[in-house]
1. Multiplying the sequence separation of Ala285 and Asn150 by 0.36 nm and subtracting their Cα-Cα distance, what value in nm do you get?
2. Sorting check: for 341-354, 145-158, 366-379, 167-180, which peptide has the highest mean count of neighbouring beta carbons within 10 Å, and how do the rest follow?
3. Give me the net charge of Tyr126's neighbourhood, meaning all other residues with Cβ under 12 Å from the Cβ of Tyr126; Lys, Arg count +1, Asp, Glu -1.
4. Name the shape class, rounded, prolate or oblate, that the alpha-carbon gyration tensor gives for region 283-385, where a ≥ b ≥ c are the square roots of its eigenvalues, rounded holds for a/c under 1.5, and otherwise prolate holds if a/b is larger than b/c and oblate otherwise.
5. In Å, what Rg and Dmax follow from the Cα atoms of region 242-328?
6. Work out, step by step, the length gained on full extension between Glu94 and Ala225: first 0.36 nm times the residue separation, then minus their alpha carbon distance; give nm to one decimal.
7. What does the charge count around Trp333 come to, taking other residues whose C-beta lies under 13 Å from its C-beta (Lys +1, Arg +1, Asp -1, Glu -1)?
8. Rank these for me by crowding, Met276, Met128, Met256, going from fewest to most other beta carbons within 10 Å.
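A short reminder: the numbers here are calculations on the coordinates, not readings from a lab. Remember, predicted model here, so these are calculated numbers, not experimental data. Methodologically, a virtual Cβ is constructed for each residue, glycine included, from the backbone with ideal geometry; neighbour enumeration extends over all protein chains shown.
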Amino acid sequence: MNTYERLFNQIRSDAYAMEAITQGDHFGDREARNLKEALREAEWMKVGFAKPGFENCYHKDASDQEIADLGGKRQDRLDADEGLIFQRQLEELESRRFETLYKPLDLWKKLVPTKPIKPGVKYITYRMYDSTGEAVMSSSGAAGDMPMANAHGAEFSNPVVYTKLGYYYTNQDLREAAYAGVALPTEQLRAVDRGYKQKDYKLFMAGDSDWGLKGFLNHTSVPNAAAAAAAGGANAEEWDGADKTADEILVDIGTMVTTIRTNTREQFGNDNMLGMPRAQFDKLAQTPRQAYSDTTILGFLMSEKEAYGIRDIIVIPDCAGAGTGSTDMAIMWPYNADVIECFVNEQPYWMPMQVKGLTYQFASDKAFGGVVVRYSDAMAQCYEI
């Protein structure tokens, strides 16, 4: 029973109240309905329907639910002392702003050097030079059979692709945003920024075969080998499994270092970055180097600079399933622009606003030149970890 109905029943049963209302006149069904409706109207006004914007929500011919729906409110509870209370009247809107959680989309910028792309560039091209010829021993200054040196070079190119993204809003969107106190263009621009970051991340990690782009994790020229099988248990290779020992994991990592140092003739391999999935990283960080040791595998790797040349060990979520046969992989590389570099423009280029009817459209594009690996032998991959 509603508050106004209880109040109406109390008045009808109170002789003094009835005398004050009727002043001795007849009080029939019509008068009873009018009294109840007056009490109902007063109750609705009490909860805010007399405020600007709600004056027309109350109608004597409408039910309580219809009035609540018309006012954009839903009846939540009925309190005998406080009157009609709605859920929205008891809400507190958080002033802090929250967003859906995504993977760290700026991670790739920490992995390799980046370089912007000049407007109009269609290809990123570099030249690799080599030479032939070696001096020979001679006992005189005579020309004789003079050996000749020679130099030659080759060009390698990456296509520059353009990603595009925009947003729009209508006059009604602007009106609603202004009423709600929402900065509509700001929220739309945040969405565009996240959309570009998602695409940059995907192109960096995996490239796009349809557009001729290789990614950081799938350059086919990078030396790639399987992890060694564990000596005990089921001969599993996985670092995060129960069979692989700390020594065996260190052998896999040491093999990657030796491969780089050997292939580059000792030019690289002493300032390495090492990336891997979260599960393998945690295994290294939580497993003692030896029984009863207070040093983990991770700590040991970072301390043995001469042996492993590790500069930093980083969790790269995309290494999970990126190896040969969709297995987990580790990757080793130097943070060196001569070896590897990503060509990308940080900010999009915005076109002038276009108006179509009552819609405002904003379009943009951004250049991405791919991951350029100039010295693939300075890198190494290990799969089935």
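1. Numbers: separation 135, 0.36 × 135 = 48.60 nm, distance 5.10 nm.
Taking Ala285 through Asn150 to full extension adds about 43.5 nm, to one decimal.
2. Values: 341-354: 15.2, 145-158: 10.1, 366-379: 21.7, 167-180: 13.0.
Going from most to least packed, we get 366-379, 341-354, 167-180, 145-158.
3. On the way: positive: Lys115, Arg127, Arg374; negative: Glu155, Asp338, Glu341.
It works out to a net charge of 0.
4. Numbers: a/c = 2.96, a/b = 2.38, b/c = 1.24.
Here region 283-385 falls in the prolate category.
5. Here Rg and the maximum Cα pair distance are 13.3, 38 Å.
6. Working: separation 131, 0.36 × 131 = 47.16 nm, distance 5.20 nm.
42.0 nm is the gain from fully extending Glu94 to Ala225.
7. On the way: positive: Lys110, Arg311, Arg374; negative: Asp271, Asp312, Asp338, Glu341, Asp377.
Counting the neighbours of Trp333, the net charge comes to -2.
8. Numbers: Met276 27, Met128 11, Met256 24.
Least crowded to most crowded, the residues run Met128, Met256, Met276.
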